[in-house]
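Notes to accompany the following structure.
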Amino acid sequence: MIPAALALLLAAPPAPSPSARPVLVTVDDLPIGGGGHDSPEERARITQGLLAALAKHHIRAVGLVTWSNLRSDAELGLLDSWLQAGHELGNHSDRHLSYTAKTADEYIADIEAARSRLAAFLSSRGHPLRFFRFPFLREGDTGEKLDAMRRYLERTGQRNLPVTVDHQDWSYEERWVKARGADEEQALQRIGLDYQAAFRLAVRHHESKGDRLFGRAVPQILLLHANEVGAAQWDAAFSWLEETGHRFAGADEVLADAAFAEPHRFVATHGPPLWDRIAHERREQAVRKELAATLERQAQAWSRGDLDAFVSVYAEDAAFVSPTGLTRGRQAVLDRYRKRYPGKAAMGTLTLEVLETRLAWGIDGSILGDAVPSGIHGASIVARWTLAYPDKPAATGLTLLVLEPRGDGWVIVQDASM
Ligand SMILES: [Zn+2]
């Protein structure tokens, strides 16, 4: 006779609604994340708890291995139990370094050390190594570092496995382990309630963000960690997902969605979930377009001799710097131009060639604990200006413009022209 618990694991999954949203479950820091679990028995017990929750909900997860989290070769057995339960394993580095704190060479050496060992382990068991996940989701704080890792991953056949829903589950682990050690049943219940509340809020928040970006219900990739609080809380979290229109899907199905093919180059010190990166990328592109249109309108106004329209792009309190001094305020800027360029013939035809645009933004902490990109609150542009005349040689020079979004458009707050 089959025991009831085993029968539950072997039962066919309940048929989910065809309109249910696919969710890929990914688990970081295998075999066990965080400290405080020293005995092999405890580490095996946590692993079995995690695998039981996944099995109960018929989930095929991707587990990301942090190689230095293996305490000994004997712990390869913990990884084997993930494979035997039907999950896929990917690379999550050796020492879980922050890319922001390392050079590309130092960082890639660490990733490669883990990759070669994990690939050998997997291939001896007939499994490929396909996925990589950045520790802390930090993909590079300079364009060069971002590109270096992209080239390395491409070369070694590892795909960056993104995250769309992060609920900072790791942050409950220390409190949970402490309360469990002290047998504080009420504290455990409170931590569990917090965990579930944060989970639901994070799922709702990131889902609505992704759906707004793509105009449809997009699949999600959930980030969880291999820890003790997870072993206790996953079952309830997975049940809630099933009750709220989700179904668990494999990596290939979820990653085939077009949302995961949208290119982005998110360069920052921190690592937000994917939808925040894409939203930021789209915002940057929109701002660059608006800035280019603003300069183009300005050049056209100048070239038709309309100084009023030309200076309307300046903020009321704009500062204009030239070799002859500092002019403060839009009206004073207009007066200065009127004096120097009396009439259309003196003004000529203006072209502005943008040489460099930088956008000002930073990393904010969200109420959910994510490091998220702020809005774009400023821009600076280096451009070459050229005035062409029908009857005399052209004049040319450089300008540095600082712009801010005010009202419904961008205005120049500082202009240094030479
Ligand atoms: Zn990690």
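Output yes when any residue across the range 100-122 is within 22 Å of G63 (Cβ to Cβ), modelled with pLDDT of 95 or more and outside any helix (DSSP H, G or I), and no when none is. Checked the range 100-122: no residue is within 22 Å of G63 (Cβ to Cβ), modelled with pLDDT of 95 or more and outside any helix (DSSP H, G or I). For the range 106-133, which positions are open to solvent by 30 Å² or more (accessible area, probe 1.4 Å) and free of Cβ contacts under 8 Å to residues at least 24 places away in the same chain? E106, A109, S116, A120, S123, S124, G126, P128 - these are the residues of the range 106-133 that are open to solvent by 30 Å² or more (accessible area, probe 1.4 Å) and free of Cβ contacts under 8 Å to residues at least 24 places away in the same chain. Take W170 and decide whether it is within 25 Å of R115 (Cα to Cα) and surrounded by 14 or more Cβ atoms within 10 Å (Cβ to Cβ). So W170 fits the description; yes. Working only within the range 43-73, note down all residues that are within 16 Å of the ligand (Cβ to nearest atom) and polar (S, T, N, Q). The answer is T66, S68, N69. Among the candidates S239, S171, single out the residue that is closer than 22 Å to T47 by Cβ, modelled with pLDDT under 95 and of a type in the set (S, T, Y). That would be S171, the only listed residue that is closer than 22 Å to T47 by Cβ, modelled with pLDDT under 95 and of a type in the set (S, T, Y). Look at the range 356-372: where a residue is of a type in the set (S, T, N, Q) and a partner is open to solvent by 40 Å² or more (accessible area, probe 1.4 Å) and assigned to a strand (DSSP E or B), sitting 6+ places away or on another chain with Cβ atoms under 9 Å, you get T357/V382. Of the residues making up the range 252-268, just one is of a type in the set (A, V, I, L, M, F, W, C), open to solvent by 30 Å² or more (accessible area, probe 1.4 Å) and either closer than 23 Å to S98 by Cα or in contact with a Gly (Cβ under 6 Å, 6 or more places away or on another chain) (or both), namely V267.
The values are calculated or read from the model by the stated rules, or taken from the named source; none is laboratory data. Predicted, not measured: the structure shown is a model, and the values here were computed from it. Glycine gets a Cβ as well: all are built from the backbone with ideal geometry, and neighbour counts include every protein chain shown. All accessible areas refer to the heavy atoms of the entire protein, side chains included, with ligands and DNA or RNA removed. Shrake-Rupley method; radii C 1.70, N 1.55, O 1.52, S 1.80 Å.
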